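Notes to accompany the following structure.
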Amino acid sequence: MADRKPEGYLEGRPIHPESLMMSYGYQPELSEGSIKCPIFQTSTFVFRTAEEGKAFFELAYGLRRRGPNEPMGLIYSRLNNPDLEVLEDRLTLWDEAEAAAVFASGMAAISTTLLTFVRPGDVVLHSEPVYGGTDFFLKHILPEFGVRVVGFRAGTSPEEAETLLQRLGLADKLAFILIETPANPTNALVDIAAYAQLAQRLSGERRVLVAVDNTFLGPLWQQPLRHGADLVLYSATKYIGGHSDLIAGVCLGRRELLDHVKVFRTILGTMAGPHTGWLLLRSLETLKLRMTAQMKSAGHVAKFLASHPKVAQLYYLGHLTEADPDYAIYQRQCSAAGGMIAFDLHGGEAEAFRMLNALRIFHLAVSLGGTESLVEHPATMTHADVDPEERIEMGISPAMVRISIGVEHPEDLIADLAQALEKV
Ligand SMILES: *Cc1c(COP(=O)(O)O)cnc(C)c1O
């Protein structure tokens, strides 16, 4: 449907993404006037004629170039499906991307994208910490395919990372830089523009690509493509889905790159199904409302935690000060602090567990970005398989608690935290 979308302009003025989330890329007259995009719960699509089927396949397999107004025909739901196509069009708006691909999970998006662009002998440079599944893929799966993987701690300058690569004799083999910022659970930041410049410096005949996992702040509060990234990755399970009721992922970027990613998605079969696509279309209609409410509430909750005597340290982007090395990056790169907060209690695991077990409104569960507030213990849950020494180095202590703020009234969240902190 990408080819039939109405333009996102009103009298020459661009329409805001949130205003387009109910209509962009979808034409009711093609679906019996249905105001909402139906769920195209189908595996395959009927060709009107054999000639049409042939023409669709020629395009799908890149056997000839697409004509100026020629639509990408619908063939089979592993290749394309109207729910995913409308969703992909809408997702491009927030990140100002040319193209998007939706996947069955965030991990499907991350693994398919890396498999598209790295080959045996290549080097991947990545920030640390990264999401546990990403960490496993980088450290245990890519090396099996002859890829060298080098990590750098969030806070490392690109010059230091370059020196590290040179010391290892790997600078000329660099193919891909993967950044996760803010880092989970500490909210440490990585300077996207500075690493995009490093990629440019180290590019030879083949360009070194920079991908950013934008799950924590995107797509509302951080747009990596504006800062020089080539690709943006999401676990749409989190804020984009936003209701803790689905698993999905996204990759966005230039059309030329996404065309390659989509070939791999088709062959690996990592696309999302139509029902998930439809749920995500519904989620996108309220994405800005939800993320704005969550961001504002997080500000109130963080203010309460910052002055609480049982809280030893707070990790929240909204409280960075000029003295903090991340402050300048935050000012340049992020437009709001988002809804994720971590904090250390005085004490250790026992104190953290007493608090987790006492909370009544916060649900004790991993994941984030949903309408309900969640709380978890990184050291024994999301980051349990990180090497214990490295875990401490990354600042993930047994006394740390991570919270994801939902859409409840902030006064209720603060009252819940207050009563649970009493029991620590
Ligand atoms: C959850 C998450 C992932 C993995 O996404 P799934 O949808 O669970 O596969 C990747 N990156 C980040 C930052 C995440 O929070």
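The values are calculated or read from the model by the stated rules, or taken from the named source; none is laboratory data. Model, not experiment: these values are computed from the prediction. Cβ: placed from backbone, ideal geometry, glycine included. Neighbour counts: every protein chain shown. Surface areas here come from the heavy atoms of the whole protein model, side chains and all, with no ligands, DNA or RNA. Shrake-Rupley method; radii C 1.70, N 1.55, O 1.52, S 1.80 Å.
Tabulated results
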{"read-out": "Pair MET72, LYS303: separation of 7 Å Cα→Cβ label points (nm)", "value": "4.6 nm"}
{"read-out": "q = 0.06, 0.08, 0.09, 0.10 Å⁻¹: log10 I(q)/I(0) that the Debye formula gives for the chain, counting C-alpha atoms only", "value": "-0.26, -0.46, -0.58, -0.72"}
{"read-out": "At q = 0.16, 0.19, 0.24 Å⁻¹, base-10 log of I(q)/I(0) for segment 1-87 (Debye sum, equal scatterers on each alpha carbon)", "value": "-0.75, -0.98, -1.28"}
{"read-out": "Debye log10 I(q)/I(0) at q = 0.19 Å⁻¹ for segment 77-284, Cα point scatterers", "value": "-1.41"}
{"read-out": "Accessible heavy-atom area order of GLU390, GLU128, highest first, probe of 1.4 Å", "value": "GLU390, GLU128"}
{"read-out": "Highest to lowest packing among 51-58, 280-287, scored as the average C-beta count within 10 Å", "value": "280-287, 51-58"}
{"read-out": "Size of charge dipole - segment 287-421 - debye, nearest 20, with Cβ of Lys, Arg +1 and Asp, Glu -1, no other charges", "value": "560 debye"}
{"read-out": "Shape metrics for segment 346-424, restricted to C-alpha atoms - Rg then Dmax, Å", "value": "12.8, 38"}
{"read-out": "Accessible area per residue, Å², segment 92-149 with all protein chains present, probe 1.4 Å", "value": "34 Å²"}
{"read-out": "Segment 287-421 - percent of accessible surface contributed by carbon and sulfur, probe 1.4 Å", "value": "55 percent"}
{"read-out": "Peptides 157-169, 296-308 ordered by average Cβ neighbours within 10 Å, highest first", "value": "296-308, 157-169"}
{"read-out": "Kirkwood Rh, Cα atoms: Rg over Rh of segment 126-236", "value": "0.94"}
{"read-out": "FRET E, pair ARG354, LYS173, Förster distance 45 Å, beta-carbon r, rounded to 0.05", "value": "0.35"}
{"read-out": "P(r) of segment 287-421 over all Cα-Cα pairs, binned every 5 Å from zero, in whole percent", "value": "2, 11, 20, 23, 21, 15, 8, 1, 0"}
{"read-out": "Contact order normalised by residue count of the chain, Cα under 8 Å, 6+ apart, percent", "value": "16 percent"}
{"read-out": "Largest to smallest accessible area among SER335, SER373 [probe 1.4 Å]", "value": "SER335, SER373"}
{"read-out": "Carbon and sulfur %, accessible surface of segment 77-284 computed with the full protein complex present, 1.4 Å", "value": "53 percent"}
{"read-out": "Å² per residue, accessible surface of segment 287-421 at 1.4 Å", "value": "44 Å²"}
{"read-out": "Centre separation in Å (Cα based) which lies between segment 351-424 and segment 298-314", "value": "13 Å"}
{"read-out": "The chain: angle of helix 255-268 to the longest principal axis, Cα-based, in degrees nearest 10", "value": "90 degrees"}
{"read-out": "Ranked order, ARG226, ARG48 - accessible area, probe 1.4 Å, largest first", "value": "ARG48, ARG226"}
{"read-out": "Value of relative contact order over segment 139-248, rounded to a whole percent, pairs C-alpha under 8 Å and six or more apart", "value": "20 percent"}
{"read-out": "For the chain, built as a Gaussian network whose Cα springs stay under 10 Å, the top-fluctuating residue of PRO224, PRO182, PRO398", "value": "PRO398"}
{"read-out": "Area of TYR26 that stays accessible when all protein chains are in place (1.4 Å probe, Å², to 10)", "value": "10 Å²"}
{"read-out": "Relative contact order [Cα under 8 Å, 6+ residues apart], segment 287-421, whole percent", "value": "30 percent"}
{"read-out": "Among the listed pairs LYS296/LYS423; LYS54/LYS262; LYS173/LYS238, those beyond 31 Å (Cα-Cα)", "value": "LYS173/LYS238"}
{"read-out": "Segment 213-358, dipole about Cα centre (Lys/Arg Cβ +1, Asp/Glu Cβ -1), debye to the nearest 20", "value": "480 debye"}
